[in-house]
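Written out below as structure tokens is the structure these notes cover.
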């Protein structure tokens, strides 16, 4: 059945999903409640946790050092449950801009940023980001000066990456919560910079 | 972890091999030379996990930094880098 | 077919490609459930993400391009469960017919 309540035949893939799920439940391998709980947990995960981590790092230089040294432990320090996440945080500076891609599939720090956007998983992003990051970033509206080094990270194995963007100018004295509101998902992937103080 | 073969800062080359199975070393990086940026630790081998085996003992995993101009023939910027996680058995000394 | 090394259809880095479509959409419930089942079966140590990835990579190249992301993942989930003996082909066939006939 469709979600809208009007009858629509299932696609082959929807039929497959229902069938696999019912078989797994009948066999006692998973329960409907477990599936529903996981769906809800993932639905609630936006990128706020990532933004919190960034804001803390902007405010607290010692925390930032710990975050760059061991991303996973630094998240746990803030009470964020990040099971199985091996997080590596890479820092943007005036000399270096970082960007993340998974050319082989769609590896992404889901525990911090939620589900990845469709474009991150797309053929065109995955094909071009490692090869021509400057052109891709320009397409996203981000122009990086030639004398700034671009560091592209291809998450091919067990690590997951998050960019620590530079703190926007004009935010001196801001609270952590207010700073977190400047952090966008795309700035933590590296295809954008955070919002400015007046955005 | 068994003693890693390579150290941070060491130059390594990715095997120019094109085997079958589930491989996490991208096609574009095979045969390229870079520098070990860090040892990430040891993790069960994904090539084996994909075949329903346990992937143990876990091979060391490295982050290797490549100059983009050493990966793509006509890459313009001299300083841009590309960093890729590569398992030990895909690397050799240069 | 020229004499060329094997390259998986998923191994995209460096291939020529076009502009990036940045439109975003909400995921359908069935897609979220596919995702959830993969996560749950992984945490119960019944399947690995590596096996699921391998089954995606085994899709014919045309399918890899033509299918949407979660369409690929649901096929891969099914293949993986059958490989593991958690579900059999016969069970899946019977169940799919049963669901279809419910209407």
Out of the residues in region A:20-55 that are crowded, with 19+ Cβ neighbours inside 10 Å, in contact (Cβ under 8 Å) with a residue 12 or more places away in the chain and under 30 Å from residue A:163 (Cα atoms), which is nearest to the other protein chains (Cβ to nearest Cβ)? A:47
Those residues of region C:69-102 which are modelled with pLDDT under 95 and facing another protein chain (nearest Cβ under 8 Å), in sequence order: C:100
Out of region B:72-94, which residues are facing another protein chain (nearest Cβ under 8 Å) and in contact with a strand residue (DSSP E or B) (Cβ under 6 Å, 6 or more places away or on another chain)? B:79, B:80, B:81, B:82, B:83, B:84, B:85, B:86, B:87
Just to be sure before I move on: is residue B:60 surrounded by 17 or more Cβ atoms within 10 Å (Cβ to Cβ) and within 12 Å of chain C (Cβ to nearest Cβ) in the structure I sent? no
Does residue A:178 meet the test of being more than 25 Å from residue B:75 (Cβ to Cβ), assigned by TED's automatic domain parsing to the domain that holds residue A:60 and free of Cβ contacts under 8 Å to residues at least 12 places away in the same chain? yes
Candidates A:112, A:85 - the one that is part of a helix (DSSP H, G or I), under 13 Å from residue A:161 (Cβ atoms) and assigned by TED's automatic domain parsing to the domain that holds residue A:126: A:112
Residues being within 24 Å of residue C:51 (Cα to Cα), touching a helix residue (DSSP H, G or I) at 6+ places or on another chain (Cβ under 8 Å), crowded, with 18+ Cβ neighbours inside 10 Å and away from chain C (no Cβ under 11 Å): count how many of those fall in region B:15-44. 0
Considering A:145, A:138, which residue is over 24 Å from residue B:24 (Cβ atoms), assigned to a helix (DSSP H, G or I) and at pLDDT 95 or above? A:138
Return only the number of the condition from (1) within 30 Å of residue C:90 (Cβ to Cβ); (2) surrounded by 14 or more Cβ atoms within 10 Å (Cβ to Cβ); (3) more than 9 Å from chain C (Cβ to nearest Cβ) that residue A:77 does not satisfy. (1)
Hits in region C:49-62 (condition: more than 7 Å from every other protein chain (Cβ to nearest Cβ) and over 18 Å from residue A:20 (Cβ atoms)): C:60, C:61, C:62
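Yes/no per residue for (1) closer than 21 Å to residue B:45 by Cα; (2) assigned to a helix (DSSP H, G or I):
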{"residue": "C:13", "(1), (2)": "no, no"}
{"residue": "C:25", "(1), (2)": "no, no"}
{"residue": "C:30", "(1), (2)": "no, yes"}
{"residue": "C:34", "(1), (2)": "no, yes"}
{"residue": "C:45", "(1), (2)": "yes, no"}
{"residue": "C:54", "(1), (2)": "yes, yes"}
{"residue": "C:59", "(1), (2)": "no, no"}
{"residue": "C:62", "(1), (2)": "no, yes"}
{"residue": "C:81", "(1), (2)": "yes, yes"}
Is at least one residue of region B:50-57 in a helix (DSSP H, G or I) and at pLDDT 95 or above? no
Whether any residue in region A:49-60 is in a loop (DSSP other than H, G, I, E, B) and either over 30 Å from residue A:127 (Cβ atoms) or within 19 Å of the chain's Cα centre (by Cα) (or both) is what I want to check. yes
In contact (Cβ under 8 Å) with a residue 12 or more places away in the chain and more than 12 Å from chain C (Cβ to nearest Cβ) - does that describe any residue in region A:111-129? yes
In a helix (DSSP H, G or I), free of Cβ contacts under 8 Å to residues at least 60 places away in the same chain and in contact with a strand residue (DSSP E or B) (Cβ under 6 Å, 6 or more places away or on another chain), is that true of residue A:72? yes
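The values are calculated or read from the model by the stated rules, or taken from the named source; none is laboratory data. This one's a predicted model, so the numbers in the text were calculated from it and none came from an experiment. Because the Cβ atoms are built from the backbone with ideal geometry, glycine has one as well, and the counts that use them run over all protein chains shown.
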